[in-house]
Amino acid sequence: MPARADTALKDGPIAILGAGSLGRLWAGYLPAGHAVFFSHPPRPVSGPIHYRLKHPDGAESICQIPVITLTGARPYLLLVTTKAGDTVDALERALPSLPTQLPIILFQNGLGCQQAVAGRWPDRPVLAASTTEGANRPEEELLVHAGRGQTWLGALTDSGRYCVAAAVAQLQSSGLAIEAEPDIHQRLWDKLVVNSGINAFTTILDCPNGDILVDPFFLEHIDDLSEEIAQVMATETRRPLSAEEVRKRIYTVATSTAENTSSMRSDRQRGRSTEIDVINGYIVERGKAAGIATPVNQMLVRRVKDLTE
Ligand code: PAF
């Protein structure tokens, strides 16, 4: 279990919008009394939310996280852990009742949603997090922290830059590893590369991450896919990867998470909409903007949508 530095919250709790796996992970690790969930329409919840948190070493702790409504709330930070596709709508409802100086930290997978939020609220302090923490919910009231990871935090808007250090310091009280990242766009892209090469294949093939590496469908497309990702990445980031490096990263993560069910496969299994639009769909969109053909990414988007829509 992590040591919990009991820092005093000077200005209010850390509010979490979205009580899925990632939201519950942060709520469960933050010192007791520091985290609250927001009840937000269209999925209002009456709290508190109870669950067991199973740590990577097998130990379990009991979490009881208060739920507050937006009216009159004065949180210190807002962690947004909604699905990418729900995020702008959730913030449209939440932000009018929240102070304009409140730092908003986006934890969404993929890319596209972060830019949409920063573009919609350019004067607010908007930050993005990229994380390798692994968490899943095999049962409604059980959150499994599958493996310790690392989280990076960086600014998306000008006013966000002044909040990064304080937000990192507050979130470090969880005991989870988190540090400031001056180029969060690059970090988000590094993760997008991996998700683009794993998630859709595991969903289409309905298999754990490691099994894709020996499947003929994956083997047929991985070289062309890596080439498309590398070409689009070269137009988007300061530190692009070669096609060979893209391929290697995909193989490395699929191997190190071989037994895991990817988040996209899990969404499909639970009948939820997937994040394909902000993963391979984002590469298709940025490819179009740069005049780069992305037929393998397009095929993966179509195949996942055929399965889920
Ligand atoms: O989205 C996910 O599930 C994860 O980012 C990854 C790396 C594919 C491992 O399961």
> Within region 100-117, which residues are surrounded by fewer than 22 Cβ atoms within 10 Å (Cβ to Cβ) and more than 16 Å from the chain's Cα centre (by Cα)?
Replying inline: Thr100, Gln101, Leu102
> Among the listed residues Gly271, Gly210, Gly287, which satisfies the condition of being of a type outside the set (Val, Ile, Thr) and either touching a Gly at 6+ places or on another chain (Cβ under 7 Å) or on the phi > 0 side of the Ramachandran plot (or both)?
Replying inline: Gly271
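Does Thr255 satisfy being polar (S, T, N, Q), more than 19 Å from Val296 (Cβ to Cβ) and within 22 Å of the chain's Cα centre (by Cα)?
yes
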>> Please verify whether Ala128 is within 16 Å of the ligand (Cβ to nearest atom) and open to solvent by less than 10 Å² (accessible area, probe 1.4 Å), treating the condition exactly as stated.
In response: yes
> Is region 159-173 home to any residue that is crowded, with 22+ Cβ neighbours inside 10 Å and within 17 Å of Ser263 (Cβ to Cβ)?
Replying inline: no
> If you scan region 73-91, which residues turn out to be farther than 23 Å from Glu133 by Cβ and in contact with a helix residue (DSSP H, G or I) (Cβ under 8 Å, 6 or more places away or on another chain)?
Replying inline: Ala73, Val88
> Scanning for something within 13 Å of the ligand (Cβ to nearest atom), open to solvent by less than 30 Å² (accessible area, probe 1.4 Å), in contact with a Leu (Cβ under 7 Å, 6 or more places away or on another chain) and not in a helix (DSSP H, G or I), does region 237-255 turn up at least one residue?
Replying inline: no
> Given the conditions (1) open to solvent by less than 10 Å² (accessible area, probe 1.4 Å); (2) within 16 Å of the ligand (Cβ to nearest atom), and given that Gly149 satisfies all but one, which numbered condition is not satisfied?
Replying inline: (1)
> How many residues does region 197-211 hold that are within 13 Å of the ligand (Cβ to nearest atom) and of a type in the set (Asp, Glu)?
Replying inline: 1
> Could you list, in sequence order, the residues of region 78-125 that are more than 15 Å from the ligand (Cβ to nearest atom) and polar (S, T, N, Q)?
Replying inline: Thr82, Thr87, Ser97, Thr100, Gln101, Gln114, Gln115
>> Could you check region 175-190 and list, in sequence order, the residues that are within 16 Å of the ligand (Cβ to nearest atom) and of a type in the set (D, E, K, R)?
In response: Arg187, Asp190
> Of the residues in region 256-307, how many are more than 17 Å from Ala84 (Cβ to Cβ) and either not assigned by TED's automatic domain parsing to the domain that holds Cys207 or not in a loop (DSSP other than H, G, I, E, B) (or both)?
Replying inline: 14
>> Within region 54-71, does at least one residue satisfy the condition of being surrounded by fewer than 17 Cβ atoms within 10 Å (Cβ to Cβ), of a type in the set (D, E, K, R) and either at pLDDT 95 or above or touching a Leu at 6+ places or on another chain (Cβ under 8 Å) (or both)?
In response: yes
> Within region 262-289, which residues are under 16 Å from Gly112 (Cα atoms) and open to solvent by 50 Å² or more (accessible area, probe 1.4 Å)?
Replying inline: Asp277, Glu285, Arg286, Lys288, Ala289
> Would you pick out the residues in region 50-75 that are in a strand (DSSP E or B), under 18 Å from Gly33 (Cα atoms) and not aromatic (Phe, Trp, Tyr)?
Replying inline: His50, Arg52, Leu53, Ser61, Ile62, Cys63, Gln64, Ile65, Val67, Ile68, Thr69
> Are any residues in region 182-212 touching a strand residue (DSSP E or B) at 6+ places or on another chain (Cβ under 8 Å) and open to solvent by less than 20 Å² (accessible area, probe 1.4 Å), and if so, which ones?
Replying inline: Ile184, Leu188
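So that you can scan it fast, the table gives a plain yes or no per residue for (1) in contact (Cβ under 8 Å) with a residue 24 or more places away in the chain; (2) assigned by TED's automatic domain parsing to the domain that holds Leu241; (3) more than 16 Å from the ligand (Cβ to nearest atom); (4) within 19 Å of the chain's Cα centre (by Cα):
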residue: Leu153; (1), (2), (3), (4): yes, no, yes, yes
residue: Thr157; (1), (2), (3), (4): yes, no, yes, yes
residue: Val164; (1), (2), (3), (4): yes, no, yes, yes
residue: Ser173; (1), (2), (3), (4): yes, no, yes, no
residue: Leu192; (1), (2), (3), (4): yes, yes, no, yes
residue: Asn195; (1), (2), (3), (4): yes, yes, no, yes
residue: Leu213; (1), (2), (3), (4): yes, yes, no, no
residue: Glu220; (1), (2), (3), (4): no, yes, yes, no
>> I need the full set of residues from region 240-276 which are in contact with a Lys or Arg (Cβ under 9 Å, 6 or more places away or on another chain) and not hydroxyl-bearing (Ser, Thr, Tyr), in order please.
In response: Leu241, Asp267, Arg272, Glu275, Ile276
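The values are calculated or read from the model by the stated rules, or taken from the named source; none is laboratory data. This is a predicted model, so every value here is computed, not measured. Methodologically, a virtual Cβ is constructed for each residue, glycine included, from the backbone with ideal geometry; neighbour enumeration extends over all protein chains shown. Surface areas here come from the heavy atoms of the whole protein model, side chains and all, with no ligands, DNA or RNA. Shrake-Rupley method; radii C 1.70, N 1.55, O 1.52, S 1.80 Å.
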